[in-house]
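Since the structure comes first, as structure tokens, the remarks are kept for the end.
The values are calculated or read from the model by the stated rules, or taken from the named source; none is laboratory data. Source: prediction; values computed, not measured. Neighbour counts are summed over all protein chains in view; Cβ atoms, including those assigned to glycine, are modelled from backbone coordinates with ideal geometry.
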Amino acid sequence: MSTLLIMKAADFAARAHRRQRRKDEEATPYVNHVIEVAFLLAQAGCDAEVVAAGLLHDTIEDTGVTYDELEVEFGPRIADLVAAVTDDKSLPKQVRKEKQVEHARAASAEIGAIKTADKISNLRSIHSAPPAGWSVERRIEYVAWAHRVVSSLPSPNEALMAEYSAARALHGE
């Protein structure tokens with residue numbers, strides 16, 4: 001059942017993100033990001049529902065998928081995990097970033113794992129294929145902000161923290 005759940009989430013995420021691309025010069029398919037997040041979660045020993053939530057973590061925020069759709073398709077736990085890591089895009093960017101730091105302080109272990117895996121993936125991407133037009137200063141600011149989020153998590157996953165440290169090291173941190 002867990003394999004089926006993860007594949008269902010992968011299929012759902014691929015369909016939801018099918019038209020999205022990363023902001024790098026190659027316009028990498030966005031689905032690569034959510035697959036990497038899910039892989040990191042699986043590698044760190046997270047359960048199938050957390051891995052599925054990793055695949056789905058940007059669907060509400062970036063694709064128009066609703067909480068209710070996720071709840072019907074995947075149940076309340078996965079929908080709640082995705083909702084907990086979803087930014088409110090109606091807020092200004094700086095406010096959203098500060099709210100991520102604030103919310104990190106009260107995050108469960110599962111939410112913290114998803115947030116950490118997301119930041120690892122983003123740090124790796126910023127190093128290997130930075131968004132077009134991002135200056136060195138903007139990359140440094142992102143790395144510092146990501147660290148504020150991850151270091152605010154109350155119960156970090158040790159395996160993910162090792163990967164996070166390696167991702168920060170790519171940036172000289």
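Structure notes:
- W145 vs. criteria among the hydrophobic types (A, V, I, L, M, F, W, C), closer than 19 Å to R22 by Cα and either part of a helix (DSSP H, G or I) or in contact with a helix residue (DSSP H, G or I) (Cβ under 9 Å, 6 or more places away or on another chain) (or both): no
- Residues in the stretch 3-25 that are polar (S, T, N, Q) and either in a loop (DSSP other than H, G, I, E, B) or at pLDDT below 95 (or both): Q20 only.
- If you filter the stretch 121-173 down to residues that are among the aromatic types (F, W, Y) and within 17 Å of the chain's Cα centre (by Cα), you find that the one that is nearest to C46 (Cα to Cα) is Y164.
- Condition check for V31: buried (at least 23 other Cβ atoms within 10 Å of the Cβ) and more than 16 Å from P156 (Cβ to Cβ): no
- Candidate set from the stretch 86-133 (those that are without any contact (Cβ under 8 Å) to a residue 40 or more places away in the chain and of a type in the set (V, I, T)); member that is surrounded by the fewest Cβ atoms within 10 Å (Cβ to Cβ): V95
- For the stretch 8-52, the set of residues classified as of a type in the set (A, V, I, L, M, F, W, C) and at positive phi consists of A27 only.
- So I35, is it farther than 23 Å from L123 by Cβ, among the aliphatic types (A, V, I, L, M) and part of a helix (DSSP H, G or I): no
- When G172 is tested against (1) crowded, with 16+ Cβ neighbours inside 10 Å; (2) part of a loop (DSSP other than H, G, I, E, B); (3) free of Cβ contacts under 8 Å to residues at least 24 places away in the same chain, only condition (1) is not met.
- Taking the criterion of being free of Cβ contacts under 8 Å to residues at least 24 places away in the same chain and either outside any helix (DSSP H, G or I) or aliphatic (A, V, I, L, M) (or both), the only residue of the stretch 154-165 that qualifies is A162.
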